[in-house]
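The values are calculated or read from the model by the stated rules, or taken from the named source; none is laboratory data. Because the structure is a prediction, the values reported are computed rather than measured. Cβ placement follows ideal geometry from the backbone for every residue including glycine, while neighbour counts extend to all protein chains displayed. Heads up: the accessible areas ignore ligands, DNA and RNA and are worked out on the full protein's heavy atoms, side chains in. Shrake-Rupley method; radii C 1.70, N 1.55, O 1.52, S 1.80 Å.
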Amino acid sequence: VGFNRNREWRWFPLVESYKQDGKWCGNPAVMIINSDGKYKNGKWASFAINDMDWYNLPEIRNLLTDTASNMKRDVYLVDAGSNCFTYFADQTINLGACIANLDSHPVEVSVIQKLTDISTGRIVSEKAWDINIPNNSVSSVDGEWKPDRLYKKGFTVNTDLIIDGKIVDNISHD
C-alpha cells in the first residue's frame, strides 16, 4: 500500500483471519503478481486452508473464480495512494498510482483517486487521470493536494483503476 514504492510486485490479501476475540491473525489466502524483475509476468495464488470442505462453500467457490479471473487480467495497480502515511498540517500530500500492463498491446486506462475525511466520510479531494500504457511496461500518474486545515483522524485514500468504464482494480489505505 502507498505510492511510489518501487516495487516489482503486488501482494493481494484474499482472506483475512481473525481469532474469536477479534484480533487479526493473518492472511491464509493471498495472490502475488510480478510486474518486473526475475519473476516478471509471474502470478501466484496461495491458499493455506487445509479443510477441504471450506473450498466447497459457495462464497469460497466465488472467491476462487474471481481470483482466477484476476490472474488472467494483465493490467493492474502495482501501488497507489499517498507516498507517506503521515504528514504535518502544512505539508503537501503527494498522491499517485503505478499501473502495470503485462499485455502485448498498449491499453487506455483511467485512474480515479479520492481522499475521504475519516471523521465525516466527506470526499475532500478527487483526482482523475487518463493514460495510455505501452505494452509490457509500468507507467505512473501523480499529483499533489494541500489540505486547507488539520484533519484529526486523517484520510482514506481510495484508488480505482478503470478500463472500458469498469473498475478492474482498487487499492485503499488510511
message = Over the chain, with a Gaussian network built from C-alpha contacts below 10 Å, which listed residue (Gln91, Gln20, Gln113) shows the highest mean-square fluctuation?
response = Gln20
query = Using a cut-off of 30 Å between alpha-carbon atoms, which lysines can reach Lys166, once sequence neighbours fewer than 8 places away in the same chain are excluded?
reply = Lys40, Lys43, Lys72, Lys114, Lys127, Lys146
ask   = Seen from all sides and averaged, what is the projected area of the convex hull of the Cα atoms in the range 78-174, in nm²?
value = 6.0 nm²
request  = Using a 10 Å Cβ count of at most 13 others and DSSP loop calls, identify the longest part of the chain lacking such chymotrypsin sites (Phe, Trp or Tyr not before Pro).
outcome  = 89-174
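Contour minus end-to-end for Ser139 and Arg61, with contour as 0.36 nm per residue of separation and end-to-end as the Cα-Cα distance? Can you show the working numbers first?
On the way: separation 78, 0.36 × 78 = 28.08 nm, distance 3.34 nm.
So the extension gain works out to 24.7 nm.
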ask   = Where does the chain land at 222 nm, in deg cm²/dmol rounded to the nearest 500, when only DSSP H runs of n ≥ 4 count, each adding -39500 (n - 2.57), divided by all residues?
value = -3000 deg cm²/dmol
task = Go ahead and run the numbers for FRET between Lys23 and Ile131, Cβ-Cβ distance against an R0 of 35 Å, rounding to 0.05.
result = 0.30
ask   = Which one is right for this structure if Cα extents along the principal axes in Å is calculated from it: [x] 53, 48, 31; [y] 42, 41, 26; [z] 142, 28, 24?
value = [x]
task = Choose one answer from Lys43, Lys19, Lys127: the residue with the largest mean-square fluctuation in a GNM of the chain with alpha-carbon springs under 10 Å.
result = Lys19
query = Share of the range 35-144's accessible area from carbon and sulfur, percent, 1.4 Å?
reply = 48 percent
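Viscosity 0.890 mPa s, temperature 25 °C: what is the translational diffusion coefficient of the range 80-133 from Stokes-Einstein with a Kirkwood Rh over Cα pairs, rounded to a whole number of µm²/s? If you can, show how the numbers build up before the last one.
Details: Rh = 13.3 Å.
Result for D is 185 µm²/s.
So if we plug the beta-carbon distance of Thr120 and Val75 into 1/(1 + (r/R0)^6) with R0 = 30 Å, what FRET efficiency do we get, rounded to 0.05? Can you show the working numbers first?
Details: r = 33 Å, r/R0 = 1.11.
After rounding, the FRET efficiency stands at 0.35.
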task = Taking only protein heavy atoms into account and a 1.4 Å probe, give the accessible area per residue of the chain in Å².
result = 59 Å²
message = Just to be sure I understand: of the beta bridges DSSP finds with both ends in the chain, what percent are antiparallel, rounded to 5?
response = 100 percent
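When a/c is below 1.5 the answer is rounded, else prolate if a/b is larger than b/c, else oblate, so apply that to the range 34-119 with a ≥ b ≥ c taken from the square roots of the Cα gyration tensor eigenvalues.
On the way: a/c = 2.37, a/b = 1.49, b/c = 1.59.
Taking the square roots of the gyration eigenvalues as a ≥ b ≥ c, the range 34-119 is oblate.
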task = Set the Förster radius R0 to 45 Å, insert the Cβ-Cβ distance between Asn41 and Gln91 as r into 1/(1 + (r/R0)^6), and round the FRET efficiency to 0.05.
result = 0.75
